[in-house]
1. Got a sec? Which of Gly55, Gly90 is of a type outside the set (Lys, Arg) and at pLDDT 95 or above?
2. Which of (1) on the phi > 0 side of the Ramachandran plot; (2) surrounded by 10 or more Cβ atoms within 10 Å (Cβ to Cβ) is the odd one out, the single condition Ala114 does not satisfy?
3. Under 8 Å between Cβ atoms, which residue pairs at least 6 apart in sequence (or on different chains) link something in region 18-30 that is without any contact (Cβ under 8 Å) to a residue 60 or more places away in the chain with a partner that is aliphatic (A, V, I, L, M) and open to solvent by 100 Å² or more (accessible area, probe 1.4 Å)?
4. Look through Asp41, Asp6 and report the one residue that is at pLDDT 90 or above and over 48 Å from the mean Cα position of the chain (by Cα).
Amino acid sequence: MPTRSDAIRLAERLDQRLKLRGAREHGICTIREEIYAQCFDELIRQVTIDCPERGLLFLRLRDEARMRIAAYQSLYESSLAFAVRKAVTGEEQRNELLHQTKNLTNECEELRHALHDQTERAETIDSKEEEKWQQMKIKHHQEIKSLKDTYKAQTKHLQELLAPPPGFVK
């Protein structure tokens, strides 16, 4: 029958093996997990010798705990794989959006240049048309003046022709 001193000796052996194998005290450590499993198996063995029913119950508890840990590990690995896939997909989408942004920025720049060129062209055409308009206006005024002068000269000439000769009395 296991005694209190057996439990103390087992705890001391556990601590010695942990130090000897260099198990970490915190976090996940496979060495510590293995040593604790061996210690738990030894405790179950000792209890089973004293009371087989209690030992079998401990075996069931141990097996259930191992199955739960395995399920949690599987769930963790699955969620980790899902997170990695999502991160990769997110990175691909980010790269695609950056590429689209770059293309749209380049297109905007090209359109700005085209707008600038068209604005300059329109201003050039406007200034040429304004210059033509001013020239036509000046030419029109000159023609009007010329026609008025011609009209005055012809009117004067006509009046001279229609005027009675000097010395003509009515």
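1. Details: Gly55 fails: at pLDDT 95 or above.
Going through Gly55, Gly90 in turn, just one is of a type outside the set (Lys, Arg) and at pLDDT 95 or above: Gly90.
2. Every condition holds for Ala114 apart from (1).
3. none
4. Values: Asp6 fails: at pLDDT 90 or above.
Answer to the check: Asp41.
The values are calculated or read from the model by the stated rules, or taken from the named source; none is laboratory data. Predicted model, so just to flag it, every value in this text is computed and none were measured. Neighbour counts run over all protein chains shown; Cβ positions are idealised from the backbone, glycine included. Heads up: the accessible areas ignore ligands, DNA and RNA and are worked out on the full protein's heavy atoms, side chains in. Shrake-Rupley method; radii C 1.70, N 1.55, O 1.52, S 1.80 Å.
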